[in-house]
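Bear in mind that the values in this text are calculations on the coordinates, not laboratory data. On a predicted model such as this, the values are computed, not experimentally measured, just so you know. Glycine also receives a Cβ, built like all others from the backbone with ideal geometry; neighbour counts cover every protein chain displayed.
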């Protein structure tokens, strides 16, 4: 067990370094002088020279690479040409809002997928089941940003059910403590503001959750069906277990195994999808930061944000691998044998 | 001996195919009855119909246990029979276990779902494993199915079927997936457990050879119908139905050369294209014209037009 | 083992055998046929000049002259949609073709090039795969500068590792089959072996995968256009159209909804086409609508 974890930790570390290396080479690919970019649009020649020296662009490539890795280790992702702040500071300030959104979206997607799969798996091929599967296929093909506009228009503007933009209503103020608006509202003892923040999360979270939920539903449904048709379910029924008991006691855990790894991948995709959603809903976060950075050609900020999201993805997958170990005793043995 | 299980005129349909066509069977308390037939003969379907395990088949006729009609009983009442009064063992011991649950929990499940405490259920599971000849049963409880050998898994499956002390054990080809040595061991275990508990056993198999020394009575099925039934000695010594005779001729025995083995010509009738009349007539060496048109009634001990019914 | 398992559960199934849906297959083929027709003949069919803007005709609703109305620059929406099929689908197709070819090449080198080549190439693929496709494409597109070409190259980089992984597995499996072993014994060179025997027999799986990728690529391409690193205005690429027109959804909703709808339809159609091919190759996979 320990050797397996050690192996996975090592390969996760290798992947992280690989990620940084890929970004390093991408930055080398950039047209134009990196120092000019890093220093900002209106920088004087002296400032550019300063940046060239600070970034070590005169050094040979291997030295540049090593010092780049060193800077990353110290949390130095460079400086944004737009905000003129260190990229790390920007990311740290924007992180809570994005994490909040991704967490709500993930909870929505998992809860929705599990619920729908539970309802339909035991009565497969029924009308509701067929309709849901068609919907799931379609949901997987919708461009996220377009869905965001559409829902914003339908639910927000036409029906006026939910707020369409921002993190909070303009007349609501929450003192910043953790940076997580919902948590801050609770800490401030302001349930109205908490509700307001949640309402603002609903639409963007639904947009992010929909494609993820569609994929998860399909996987979950398929694995529940195959679990329901397995021998051990027949055996359990022969032991006198009720249908409900069979589903909760035997089917769910077996069906969860393939779904957990998919859900892990999807957290990464949801973090990436934020780029397409936050700016539509006028939310301040990593996604909208990245969108602005791309349009403003703020490359340091782009690569900083990409690195961050990449690292999060890698770490989430590492966590999922560990969870898998706890869920499936067969993996446990296979991995131990392989390690 | 009173009848524990009585199956009368059972038919089982799946879609528009009749899998079992008029099955009759009586099983007394403490009796070991072997239900023999080729694959597709309806023997497993019959066994599984008793606890109504197959949700997609339509059942008609009557299956009574201790006088209570199982066929029309609500599912919730039937659950009190499954596992508690009727234990079942299946063919593949690996897939019979949930791969992500320790076997101890699964063996104890028939007790746990009936409100027996965890500690007591665990203790009973350990006892049962011990009775099945598994060494260090306490440690095995926490093992996962894939960590056990095939023979050990099947013994655990028997422990699981017997833990709630049922009156009837249905064993659906429990030895087929095992190697020959293990087959003998598992068979002996079932036999011994049955004797110790005065347990009725419905043993389904396609292998007449392993029936001889173990069963009290044998019922032979062909294409969804019973063709012959008798106590094991009489059936082996003086089979009356041509199919039973052909089957016995295909079983190797000591003291006879391999040359005496004869294969049955033709292919087994499938439920989907069951021949008219006696289903065996296309393969039967002694069939007469009547066999092709008229389904023989099961009288006395066999269903064959050519068997003389002894006058009572 | 499976042969032994089946009789036990054959009848406990909770599902009916999934119905074959020939009408669905026909619908998918018809939709794809229409999309391809639009991509080829779109510019000929367009009733108006898709790029001529006229401020006096801004954001008109559907009329007999402009069937689907006009966009924010007074251009005919129908014409732009017809013309847009080509850049949208063609770029997705180019991405998939190039990334599949690249993936096959990498896989062949990895499978035949010895342990080190295999280790390095597959590790690199794993690293690239660890990033969500959109992020990787975004990073590469930023490095290459915006524009459709940059986005296409970026997507090739994002898509080929998955193909390489898949193809390597298939190639390794094919390498152990009897006829390849036989060819090896006869002294066929490694390259000939690869080109004559292994690749052709690994191809169907890879091609099915490519079909399944078209939808995903179309989606990411539209996302890149939305962020501003893909197709640039005034291109009629559907992703770019969807992202600009969506802002005017309250004024002219057909113009806002249709580009996104067309993307959705093409993604679903190509996904189902991939399923269809997969089922045709291996009928046991039939699970109705996946």
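Just want to confirm a number: the relative contact order over segment B:173-281, from Cα pairs under 8 angstrom separated by 6+ residues, in percent.
18 percent
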*Pop a pseudo-label 7 angstrom from the Cα along the beta-carbon direction at both residue A:57 and residue B:136 and give the gap in nm to one decimal.*
6.8 nm
*Obtain the nm distance between the two label points defined at residue A:29 and residue C:120 by a simple spin-label model: each point lies 7 Å from its Cα along the Cα-to-C-beta direction.*
1.9 nm
*Taking the mean number of other Cβ atoms within 10 Å as a proxy for protection, how do you rank C:140-149, B:153-162, A:149-158 from highest to lowest?*
B:153-162, C:140-149, A:149-158
*asked:* What does the structure give for B:85-97 when I average, per residue, the other chain Cβ atoms found within 10 Å of the residue Cβ?
replied: 5
*Given the options C:25, C:275, C:76, which has the most mean-square fluctuation in a GNM of chain C, springs set between C-alpha atoms less than 10 angstrom apart?*
C:25
*Mind ordering C:27-33, C:180-186 by average Cβ neighbours within 10 Å, highest first?*
C:27-33, C:180-186
*asked:* Tell me the relative contact order for segment C:41-128 as a rounded percent, counting alpha carbon contacts under 8 Å between residues six or more apart.
replied: 22 percent
*Using the alpha-carbon atoms, what tilt in degrees (0 to 90, nearest 10) does helix C:199-227 show relative to the longest principal axis of chain C?*
30 degrees
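Determine, for each peptide in A:274-286, B:267-279, the mean count of other beta carbons within 10 angstrom over its residues, then list the peptides with the highest first.
Descending mean neighbour count gives A:274-286, B:267-279.
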_I want to check the label-to-label distance for residue B:238 and residue A:284. Put each point 7 Å from Cα in the C-beta direction and report it in nm to one decimal._
10.1 nm
_Residue-averaged beta-carbon neighbours from other chains (10 angstrom radius) around C:124-131_ = 6
*Can you pull the percent of Cα pairs in the protein assembly as shown with separation above 36 Å?*
61 percent
*Theoretical FRET efficiency, 1/(1+(r/R0)^6), r = Cβ-Cβ of residue C:34 and residue C:94, R0 25 Å, to 0.05*: 0.75
_Could you tell me the calculated FRET efficiency between residue A:226 and residue C:172, based on Cβ-Cβ distance and R0 = 30 angstrom, to the nearest 0.05?_
0.65
*On average, how many beta carbons from a partner chain sit within 10 Å of the beta carbon of a residue in A:17-25?*
3
_Give me log10 I(q)/I(0) at q = 0.10, 0.11, 0.15 Å⁻¹ for segment C:138-290, Debye formula, one equal scatterer per alpha-carbon, no solvent._
-0.52, -0.61, -0.90
*Starting from the Cα-Cα distance between residue A:242 and residue A:107, subtract it from 0.36 nm times their residue separation and give me the gain in nm to one decimal.*
45.7 nm
*On a 0 to 90° scale, report how tilted helix B:103-112 is relative to the longest principal axis of chain B, with both axes built from alpha carbons and the result rounded to the nearest 10.*
80 degrees
*asked:* Suppose a student asked you for the relative contact order of segment A:195-301, using Cα pairs under 8 Å spaced at least 6 residues apart; what percent would you report?
replied: 27 percent
*Report the residue, chosen from A:244, A:52, A:218, that carries the largest GNM mean-square fluctuation when chain A is represented by alpha-carbon nodes joined by springs under 10 Å.*
A:244
_Order of B:135, C:174, C:70 under a 10 Å beta carbon neighbour criterion, fewest first_ = B:135, C:174, C:70
_Using a Förster radius of 45 Å, what is the FRET efficiency between residue C:149 and residue C:250 based on their Cβ-Cβ separation? Nearest 0.05, please._
0.85
